[in-house]
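Participant: Just dropping this structure here.
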Amino acid sequence: MYRFTNTGRVNLSHLFWLRCLAIIGQLVTIAVVEQFFGVHLPLPAMLAIIALEAVFNALTWLRVASARPETDLELLGQLWVDLAALSGLLFLSGGTTNPFVSLYLPSLAIAAAVLPWRHMIWLAIFAMCCYVALGFDSVPLNMDNPANLFDYYRAGMWVNFMVSVGLIAWFVARMSSALREGDAALGEAQQRLLRDERAVALGVQAATVAHEMGTPLSTIAMLTEELRDAAQRDKGLTPYAADLDVLEQQLTLCTSALARLRTRASVSSQREKLDAWLAGFSEQWRLRHPHVHYERLATPSTDAWLEDTTAVGQILTILLDNAARASRDSVTLAARVADGLIEFEVRDCGRGIAPGLRSQLGATPVDSTLGGHGVGLYLAFAAAARLGGSVELLDSEPHGTRAILRVPAAAGASSSPSDSSDSRETKR
């Protein structure tokens with residue numbers, strides 16, 4: 001079975017352009033030595049070989065434009081044709097006495113950069129066989145002044161050296177760059193896979209914890225109901241009626257969150273309009289944190305839509321919860337649409353992020369100075385990447401943190417920039 005190369009298409013296109021340069025160089029060299037050096041070459045045979053090269057290169061261009069991936073064996077065949085054409089031209093122009101005979105080396109250097117070693121060995125053996133054959137038999141050069149042969153040979157060696165250096169430097173550098181890019185892409189894919197695996201493991205743990213919380217929450221709900229019944233008979237418990245209301249409200253939020261967790265695995269993502277969804281999301285978050293000074297900068301009416309409101313809501317909840325933990329005095333949420341992206345900005349007025357934690361947050365779970373473990377931010381970064389977006393943590397002026405979530409707007413959404421208005425909805 002042949003191995004398909006990740007950068008094969010780039011290699012084949014490079015070989016096409018190199019062969020174009022080789023054909024031009026061959027024609028120019030033949031014309032120069034015929035006109036200025038008094039060398040008489042077998043032009044019909046040499047031009048026939050160059051014509052076959054041109055036809056093969058045209059077929060190569062059609063192959064580059066096709067959708068099928070190339071194989072290492074196909075690249076071997078391409079380089080084999082180049083060496084065969086070079087050998088034919090050298091046979092007709094002096095064999096090993098031709099100063100351009102060392103052009104075998106750039107071809108072999110290119111093969112070493114493109115092919116696996118087992119294919120490279122076969123190409124090297126072919127090149128050595130051609131060189132040995134040229135040493136035994138070739139068409140000698142027919143020159144008007146054979147006394148100038150050494151000067152011509154030295155000039156040809158100089159040109160050959162410059163061409164060889166240029167070919168090796170250009171092609172091998174490009175191939176090395178392509179390989180480095182491939183390695184970088186592979187490393188990034190491996191990091192994404194590792195991050196997704198960690199996120200799945202944390203999700204499994206979260207589901208387990210949610211299942212275990214069911215019984216304690218039911219017990220708390222039963223005790224709360226008994227305390228409310230007792231408060232109706234015992235006047236001493238009357239001052240705690242408001243606290244019982246808050247407790248029941250928080251229990252309702254907990255049970256509804258657990259219910260959403262059970263159903264989200266089977267419910268597909270929901271596409272909603274940005275401004276309508278954001279208003280409902282903000283009111284729901286306010287119920288979870290009634291003691292936080294929360295402000296939402298209302299967005300003007302736009303045609304922007306969110307593709308996955310469930311995932312975006314989870315990310316914003318994590319960012320807002322962290323902001324509320326850092327600063328209860330001021331937590332703001334703003335949103336705007338620009339260049340096909342929906343950008344949410346969560347701002348707090350806390351102490352900011354410690355410099356030692358900034359590079360670790362989102363990359364791995366890490367304990368913070370506020371008692372958190374960084375699991376929420378880790379999941380937020382992973383979820384944003386899965387949506388094709390990103391989360392960025394920046395310093396806020398004069399102090400605090402800005403958490404910016406960017407996600408692509410749903411297809412058909414307006415991409416014109418629309419800044420947040422100054423209208424505020426304030427709740428203490």
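The values are calculated or read from the model by the stated rules, or taken from the named source; none is laboratory data. Every value quoted in this text rests on a predicted model; they were computed, and no experiment measured them. With ideal geometry, Cβ positions are generated from the backbone for all residues, glycine too; neighbour counts draw on all protein chains shown.
Participant: Please verify whether A65 is assigned by TED's automatic domain parsing to the domain that holds N98, at negative phi and over 36 Å from the mean Cα position of the chain (by Cα), treating the condition exactly as stated.
Facilitator: In short, no.
Participant: Could I ask something else about it? Considering only the range 322-334, state which residues are touching a helix residue (DSSP H, G or I) at 6+ places or on another chain (Cβ under 7 Å) and not β-branched (V, I, T).
Facilitator: N322, L333
Participant: Provide a single number: the residues in the range 133-154 that are more than 15 Å from L103 (Cα to Cα), assigned to a helix (DSSP H, G or I) and among the aliphatic types (A, V, I, L, M).
Facilitator: Qualifying residue count, the range 133-154: 3.
Participant: Do you know which residues across the range 149-163 are closer than 19 Å to H40 by Cα and in contact (Cβ under 8 Å) with a residue 60 or more places away in the chain?
Facilitator: Y152
Participant: Name the residue, out of L92, L79, L59, L73, that is without any contact (Cβ under 8 Å) to a residue 40 or more places away in the chain and among the aliphatic types (A, V, I, L, M).
Facilitator: L59
Participant: Would you please list the contacts, defined by Cβ atoms under 6 Å and residues six or more apart or on different chains, that run from a residue in the range 35-46 that is touching a residue at least 60 places away in the same chain (Cβ under 8 Å) to a residue that is charged (D, E, K, R)?
Facilitator: These pairs meet every condition: G38/D144.
Participant: Mind checking which pairs have a first residue in the range 336-351 that is closer than 13 Å to L306 by Cβ and not assigned by TED's automatic domain parsing to the domain that holds I315 and a second that is buried (at least 22 other Cβ atoms within 10 Å of the Cβ) and among the acidic types (D, E), Cβ under 6 Å, 6 or more apart or different chains?
Facilitator: Close Cβ pairs satisfying both conditions: none exist.
Participant: R347: among the charged types (D, E, K, R) and at pLDDT 80 or above, yes or no?
Facilitator: It is true that R347 is among the charged types (D, E, K, R) and at pLDDT 80 or above.
Participant: Consider L134 carefully, then state whether it is surrounded by 11 or more Cβ atoms within 10 Å (Cβ to Cβ), modelled with pLDDT under 70 and within 26 Å of P42 (Cβ to Cβ).
Facilitator: So L134 fails the test.
Participant: Which residue pairs have Cβ atoms closer than 9 Å, lie 6 or more positions apart in sequence or on different chains, and pair a first residue in the range 171-196 that is under 25 Å from A382 (Cα atoms) with a second residue that is aromatic (F, W, Y) and modelled with pLDDT of 70 or more?
Facilitator: Hits for this filter: R195/Y378; R195/F381.
Participant: Working carefully through the options T219, T224, find the one that is hydroxyl-bearing (S, T, Y), modelled with pLDDT of 75 or more, surrounded by fewer than 14 Cβ atoms within 10 Å (Cβ to Cβ) and at negative phi.
Facilitator: Just a single option satisfies the conditions, and that option is T219.
Participant: Exactly one of these conditions fails for G374: (1) surrounded by 18 or more Cβ atoms within 10 Å (Cβ to Cβ); (2) at pLDDT 80 or above; (3) within 30 Å of the chain's Cα centre (by Cα). Give me its number.
Facilitator: The failed condition is (2).
Here is a yes/no grid of residues against (1) under 30 Å from Q26 (Cβ atoms); (2) among the aliphatic types (A, V, I, L, M); (3) modelled with pLDDT under 75:
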{"position": "Y153", "(1), (2), (3)": "yes, no, yes"}
{"position": "V163", "(1), (2), (3)": "yes, yes, no"}
{"position": "E181", "(1), (2), (3)": "no, no, no"}
{"position": "R192", "(1), (2), (3)": "no, no, yes"}
{"position": "V209", "(1), (2), (3)": "no, yes, yes"}
{"position": "E248", "(1), (2), (3)": "no, no, no"}
{"position": "A257", "(1), (2), (3)": "no, yes, yes"}
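Participant: Cβ-Cβ under 6 Å, sequence separation 6+ or interchain: first residue in the range 219-230 and under 12 Å from E248 (Cα atoms), partner surrounded by 11 or more Cβ atoms within 10 Å (Cβ to Cβ) and of a type outside the set (A, V, I, L, M). Which pairs?
Facilitator: Partner pairs satisfying both residue conditions: T224/E248.
Participant: With respect to A178, determine if the residue is surrounded by 12 or more Cβ atoms within 10 Å (Cβ to Cβ) and either within 17 Å of L76 (Cβ to Cβ) or over 47 Å from the mean Cα position of the chain (by Cα) (or both).
Facilitator: no
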